[in-house]
There are 2 protein chains.
Amino acid sequence: MTILDGLPGALTDPDLLTSYRRDEADLCEAGQPLAVVRPTTTDEVVAVVKWAAQHGVPVVAQGARTGLAGGANAVDGCLIVSMVNMDRIVEVDRSNRIAVVQPGVVNAALSRAVAQVGLRYPPDPGSWETSTIGGNVATNAGGMCCVKYGVTTEYVLGLEVVLADGRVLRTGRRTPKGVAGYDLTRLFVGSEGTLGIITEITVALRPAIADPLTLVAVFPNTASAGDAVNRIFTAGLAPALLELLDQVHLAAIERYQPMGLNTQAKALLLAAADRTEDLDAIAQLCRDAGSGEVWQATDATEAAELLQARRRAHPAMEKLAMETYEHGGLIIDDIAVPRTRLAELLDSIELIAAKHGVTVGVVGHAGDGNLHPNIVVNRDDPDSVAAGHRVFDEIMECGLALGGTCTGEHGVGLLKRDWLATELGPVGLDVQRAIKTALDPANLLNPGKVLPL
Amino acid sequence: MTILDGLPGALTDPDLLTSYRRDEADLCEAGQPLAVVRPTTTDEVVAVVKWAAQHGVPVVAQGARTGLAGGANAVDGCLIVSMVNMDRIVEVDRSNRIAVVQPGVVNAALSRAVAQVGLRYPPDPGSWETSTIGGNVATNAGGMCCVKYGVTTEYVLGLEVVLADGRVLRTGRRTPKGVAGYDLTRLFVGSEGTLGIITEITVALRPAIADPLTLVAVFPNTASAGDAVNRIFTAGLAPALLELLDQVHLAAIERYQPMGLNTQAKALLLAAADRTEDLDAIAQLCRDAGSGEVWQATDATEAAELLQARRRAHPAMEKLAMETYEHGGLIIDDIAVPRTRLAELLDSIELIAAKHGVTVGVVGHAGDGNLHPNIVVNRDDPDSVAAGHRVFDEIMECGLALGGTCTGEHGVGLLKRDWLATELGPVGLDVQRAIKTALDPANLLNPGKVLPL
């Protein structure tokens, strides 16, 4: 007789438990779960949470575990509540432009379903083909279209949430506007499962749009790439996409799948716009800023190929890590600075990497000032891993000094807890803790995530 | 020797106190303040709040007092903290598209300042020429452009807030994206001074746009007007503005300032779009839905005139109330339903008004499903006022039954506290109270507002 006898559907197979231990944040601690449950209804989630509260067992909610900050990693002795079986699109309402979904619905599944009625769900995290809307909401996921269309939280109208004591809370609305009380919806968005378990999501949709037009511009140095970004925004343009790849990434992508990228370039910008005249203006501004090579896609196929190169950034860097070390790994960082400080951040990252003798490739959403430095380490060598973490910390320190934030879109999870404390300061941290305590006094919901211990 | 001796700058002139008692919500209770202060720095706000905490004096923050829900009304014995003297535009950063302002900056002042560098601050509440950004943020103000550009909260990136104990909290960021911890910024937006006093605001700006093109369409019945709204959205259009006036308003505006409006029409839609082809499509959809008369403005002057008619809705209804009764008054309501339920709501309002023999004019943001029924009452006749409040309550009941919310943009204040409780239900209300208690345990910040007693 164990406490698990009171928990129908609990899975405890050791191999299975291992497979649920962690998300995609490499080199990040993960505990050993007690069991896994995969509820199919809100009532089952309520029963599970009540059981956990009764037995003082920590609860870690998971979606597709594609997160990059360890937010979904197990803590020792926890119950993993996997939401992937709650994967029903409950409703798509074309005239009101909303959809109601369960949290386990995959982003791509929702995107395709609403496309069938001429609508669009804009948030497009890199993981969109596999990550769930629940996970996207829990982490307030970003993506490439955010520069024009904003992040997940802009599209969440209402939630159903199971609270720490098992009560079911409904937040928000189905109407375009509403100010009835404190904005609890957006308090739960990005809370990484620490305030409640999301069991239903009402999202706003937008009209479908034609695929934007695309160009690439290569730059002889980071200053000129940063200058191009500034010129584009100062000119009042609203690019649909404005991505950056540094030289390390360019070389890695070209090795991974050759497509004729100029690997001598110090930086590449990938831009998109909805109107030809806007893309032409962006092209000219890139040239004005010093780009010697601007290439506009002439059709959708070419545009898709350019986007594909950007999407290959992550696997290409993984391959680079494996080629560099037998057990190479990547510490994936996520930092955002005011757009005008991009070049300074890029230059600082290069200096920091050189100082520690570590390879760092930078890719990111230049239009949002949001960069992902990918730090290559040798898992077999503690010194290499330690050097990687020092690089990570120095990049954080630099980003905050430039007026930035320690996470633009990946979330805090385990990776950024201490930097969150630095960024928020004591008053900010106190208020965050007060909110957590008000909603989860026993600290059973994803304990140790977001807020430092 | 009174407790006020410890509060430099406290004003207690009785006439002055009276002038600070209430916002623009007619027929709404207001208490008698103890004193008024008008701080000019965050440090002064800190000193004031610490004084209030020490003496157990309730604190009511005010902007321009243009609110419509009594949120800024005095409570008995309170200290009014008027933020109008903190009216500095601290910074406009063109390349990063942000502005930093003190709360007392008037919306129009910010809008004009950023227009000088080719930028735009979209939120445009009806009161924009006089209301403050601080008040707009505290109430999460809407406006006419929300249908395309969203409400105030979409533009607030970060805040400085003086907490109930006098500590200064900084929330948010200056970067386009950021997910560092719980979204405290949006928790404070719309909290109506009940969680803290906002002393600085960082807002996102957008590129300036040309004034949109405008049309009016008149409809023989509400069903056809509602149908037109549905057709416009179902067709995937994104109007820059989509406003509705009912027959009572049309007649009132025409009496107030004749401009040839068809006062036989049951409803008028005012629409705007950024592109000619979109406005043409909207015109055709209005005709398809049964509008017998669609009139497109041919230039900016005509477009401005159409908007002016809409802006006259409120003074025209006030005049109607004064003409109907010697001491006529208006109870201004604010309700939002899913867009597809607009016609039902309009018809129900007409029936409710007729049942109680009360004049109700409806104006609102049709594209957001957000209507403002304006209820005419005779202040000298308690039965008339009581009938007005019954109409108000029945409209609320109807709106919630249609899947709506009790306030689309005016906020809860005093007027909607009980309806908030109905809308949220016991769990929602408990969580709202838990947040309030976590941040203001002594209940000194604007007590009795938002949450029911």
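Worth pointing out:
- Top-ranked residue of the range B:86-104 - restricted to ones that are of a type in the set (Val, Ile, Thr) and within 24 Å of A:Tyr182 (Cα to Cα), ranked as nearest to the chain's Cα centre (by Cα): B:Val101
- Qualifying position, being of a type in the set (D, E, K, R) and free of Cβ contacts under 8 Å to residues at least 12 places away in the same chain, among B:Asp347, B:Asp368, B:Asp333, B:Asp383: B:Asp383
- Flag for B:Gly361 being surrounded by 20 or more Cβ atoms within 10 Å (Cβ to Cβ) and touching a Gly at 6+ places or on another chain (Cβ under 6 Å): no
- Residue in the range A:420-435 that is farther than 20 Å from B:Gly178 by Cα and at pLDDT below 95 present: no
- So A:Ser111, is it within 10 Å of the chain's Cα centre (by Cα) and of a type in the set (Ser, Thr, Tyr): no
- The set of residues in the range A:393-414 that are assigned to a loop (DSSP other than H, G, I, E, B), under 20 Å from the mean Cα position of the chain (by Cα) and more than 7 Å from every other protein chain (Cβ to nearest Cβ) comprises A:His410, A:Gly413, A:Leu414.
- Test result for A:Ala164, over 21 Å from A:Leu371 (Cα atoms), crowded, with 20+ Cβ neighbours inside 10 Å and of a type in the set (Gly, Ala, Ser): yes
- Summed over the range A:89-109, the residues that are outside any strand (DSSP E or B) and either touching a residue at least 40 places away in the same chain (Cβ under 8 Å) or assigned by TED's automatic domain parsing to the domain that holds A:Glu243 (or both) give a count of 5.
- Qualifying position, being under 21 Å from B:Val412 (Cβ atoms) and of a type outside the set (D, E, K, R), among B:Gly67, B:Gly56, B:Gly77: B:Gly67
- Pairs with Cβ under 9 Å, 6+ apart, first in the range B:218-231 and away from chain A (no Cβ under 14 Å), second of a type in the set (S, T, N, Q): B:Val218/B:Asn262; B:Val218/B:Gln264; B:Val218/B:Ser291; B:Phe219/B:Ser291; B:Pro220/B:Gln264; B:Pro220/B:Ser291; B:Ser224/B:Ser291; B:Ala225/B:Ser291
- Checked against (1) within 30 Å of B:Val45 (Cα to Cα); (2) not in a loop (DSSP other than H, G, I, E, B), B:Thr214 passes all but condition (1).
- Single unsatisfied condition, B:Ala210 versus (1) among the aliphatic types (A, V, I, L, M); (2) under 27 Å from B:Ala141 (Cβ atoms); (3) more than 14 Å from chain A (Cβ to nearest Cβ): (3)
- Looking only at residues in the range B:138-156 that are outside any loop (DSSP other than H, G, I, E, B), surrounded by 24 or more Cβ atoms within 10 Å (Cβ to Cβ) and within 9 Å of chain A (Cβ to nearest Cβ), the one that is farthest from the chain's Cα centre (by Cα) is B:Val147.
- Considering A:Gly135, A:Gly193, A:Gly118, the condition of being surrounded by fewer than 23 Cβ atoms within 10 Å (Cβ to Cβ), within 14 Å of another protein chain (Cβ to nearest Cβ), touching a residue at least 24 places away in the same chain (Cβ under 8 Å) and of a type in the set (Gly, Ala, Ser) is satisfied by A:Gly118 alone.
- Among (1) touching a Ser or Thr at 6+ places or on another chain (Cβ under 7 Å); (2) within 30 Å of A:Arg206 (Cβ to Cβ) - the single one A:Ala35 does not satisfy: (2)
- Test: residue in the range A:165-175 that is outside any loop (DSSP other than H, G, I, E, B) and either farther than 26 Å from B:Leu342 by Cβ or more than 10 Å from chain B (Cβ to nearest Cβ) (or both): yes
- Within the range A:415-441, the set of residues being farther than 16 Å from A:Leu187 by Cβ and not in a helix (DSSP H, G or I) comprises A:Leu415, A:Lys416, A:Pro441.
- Filtered residue count, the range B:217-247, keeping only those that are touching an Asp or Glu at 6+ places or on another chain (Cβ under 7 Å), in a helix (DSSP H, G or I) and more than 18 Å from A:Ala208 (Cα to Cα): 1
- Residue in the range A:73-95 that is over 28 Å from A:Ile3 (Cβ atoms) and crowded, with 22+ Cβ neighbours inside 10 Å present: no
- Flag for B:Ala265 being hydrophobic (A, V, I, L, M, F, W, C) and in a strand (DSSP E or B): no
- Here A:Ala180 meets the list (1) aliphatic (A, V, I, L, M); (2) assigned to a loop (DSSP other than H, G, I, E, B); (3) surrounded by fewer than 24 Cβ atoms within 10 Å (Cβ to Cβ) almost entirely, failing just condition (3).
- Against the numbered list (1) crowded, with 21+ Cβ neighbours inside 10 Å; (2) touching a strand residue (DSSP E or B) at 6+ places or on another chain (Cβ under 8 Å), B:Phe233 comes up short only at (2).
- Of all the residues in the range B:415-435, those that are crowded, with 21+ Cβ neighbours inside 10 Å and more than 7 Å from every other protein chain (Cβ to nearest Cβ) number 3.
The values are calculated or read from the model by the stated rules, or taken from the named source; none is laboratory data. Just so it is clear, the model here is predicted, and its values are computed rather than measured. Neighbour counts run over all protein chains shown; Cβ positions are idealised from the backbone, glycine included.
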